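See structure below.
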Amino acid sequence: MLKRIAVLTSGGDSPGMNAAIRAVVRTCIYHGIEAIGVMRGFEGLMEGDFQTMDRASVGGIIHRGGTILRTARSDRFKTEAGQRAAVVHLENRRVDSLVIIGGDGSFRGAEALGKLGFSTIGIPGTIDNDVAGTDVTIGYDTAVNTALTAVQKLRDTASSHDRLFIVEVMGREAGFLALEVAVSGGAEYVVVPEIPLDIAKMCEHLHYSRKKGKTHSLIILAEGVMSALELRSRLQDTGGYDARVTVLGYIQRGGSPTSFDTILASRMGSFAVESLLKGTSGMMVGSVCGNMVLCPLSEAWKSPKPLNPEMLALVEKLGV
Ligand code: ATP
């Protein structure tokens with residue numbers, strides 16, 4: 001019988017992490033289990049920076065971006081000595097299982113703890129959506145909507161001034177964020193790491209659009225390909241285009257979660273605790289076709305997670 005469950009957030013923060021923490025803590029309380037918050041991700045775990053969580057400690061946070069437990073990246077935790085130090089603190093505090101909310105890097109950390117015999121479960125929280133085993137990650141929908149709001153404003157200026165805009169969005173080595181923003185923002189072109197960039201083809205496409213009477217164009221660029229300034233100079237060199245550049249940056253990571261992310265986080269947080277109660281360990285929670293599922297942690301980084309080809313084709317078709 002589980003008596004104590006700890007929860008931490010790790011890697012980049014994402015909107016909805018707080019809702020997930022709340023769901024973990026409240027589901028623990030519902031089942032009479034003590035919930036413990038670990039501050040500053042794996043860094044705090046190695047220092048035993050723990051806080052007992054009650055109903056009130058997760059009150060008033062469901063709508064807040066960021067993470068009340070704070071988050072960190074830790075190189076020391078990548079070493080076995082760091083991982084062993086973490087297990088000692090968990091055992092001293094009599095923690096039975098640890099819930100880790102983060103991206104695939106954080107799940108590698110969870111897997112390492114599992115190899116030392118400690119029970120863990122992962123909840124995918126990252127704006128990049130670059131975690132296999134789940135259709136969506138917590139924070140992705142909010143980030144798409146934040147970027148979309150910015151793109152919609154830029155479109156007003158692009159159309160008023162007959163301009164070509166390049167908007168660089170986040171996403172690390174994946175193009176999920178860029179692709180959704182491109183389709184919902186009505187972009188003419190999307191540049192993602194999954195598809196090799198053909199600059200001549202892009203110039204041809206822009207030229208064709210101009211010839212057909214289009215006075216302004218919008219290119220969405222995923223940060224994992226190159227910087228917006230680099231793409232700007234390549235467009236200038238190849239096609240003589242003078243593009244305006246906007247880098248959205250960290251505003252995409254913050255803000256209140258959308259209802260989609262809040263519900264996703266609430267379901268995943270609660271499902272994680274319910275799964276631990278059933279004896280699950282070394283797994284991650286996913287949402288597949290709207291259903292809560294479990295898969296091995298390693299699926300997060302071992303399995304491919306391709307972009308939807310229909311969405312890619314849509315940008316080309318609708319951006320004519
Ligand atoms: P995001 O991509 O949204 O930033 P993430 O969880 O992938 O989230 P990372 O910085 O890759 O972010 O990983 C978070 C932390 O997980 C790292 O700082 C490190 O402490 C731990 N970690 C990453 N890889 C490993 C590994 N191979 N072994 C042990 N721990 C790891």
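From the list Thr262, Thr258, the one residue that fits, being open to solvent by less than 30 Å² (accessible area, probe 1.4 Å), polar (S, T, N, Q) and under 14 Å from the mean Cα position of the chain (by Cα), is Thr262. Being within 25 Å of Gly133 (Cα to Cα), open to solvent by 10 Å² or more (accessible area, probe 1.4 Å), at pLDDT 95 or above and away from the ligand (no atom under 14 Å from the Cβ) is true of Arg22. The condition (being within 20 Å of Asn18 (Cα to Cα) and charged (D, E, K, R)) is satisfied by just one residue among Asp156, Asp162, Asp128: Asp128.
Selection of the range 45-77 for residues being small (Gly, Ala, Ser) and closer than 17 Å to Ala23 by Cβ yields Ala56, Ser57, Gly59, Gly60, Gly65, Gly66.
Where helices (runs of 4 or more DSSP H) fall wholly inside the range 85-202, the ranges with 3 or more residues that are touching a Leu at 6+ places or on another chain (Cβ under 9 Å) and outside the structural domain of His63 (by TED's automatic domain parsing) are 140-160, 176-184.
In the range 156-207, of all residues being open to solvent by less than 50 Å² (accessible area, probe 1.4 Å) and among the acidic types (Asp, Glu), the one that is farthest from Ile127 (Cα to Cα) corresponds to Glu188. Beta carbons closer than 8 Å, at least 6 apart along the sequence or on distinct chains, pair a first residue in the range 73-98 that is closer than 15 Å to Arg40 by Cα with a second that is more than 8 Å from the ligand (Cβ to nearest atom) and open to solvent by 60 Å² or more (accessible area, probe 1.4 Å) for His89/Glu47.
The values are calculated or read from the model by the stated rules, or taken from the named source; none is laboratory data. If you're wondering where the values come from, they're calculated on a predicted model, not measured in any experiment. Quick reminder, even Gly has a Cβ in these numbers, built from the backbone with ideal geometry, and neighbours come from all protein chains shown. When the accessible area is computed, the model is the full protein with side chains, heavy atoms only, and any ligands, DNA or RNA have been set aside. Shrake-Rupley method; radii C 1.70, N 1.55, O 1.52, S 1.80 Å.
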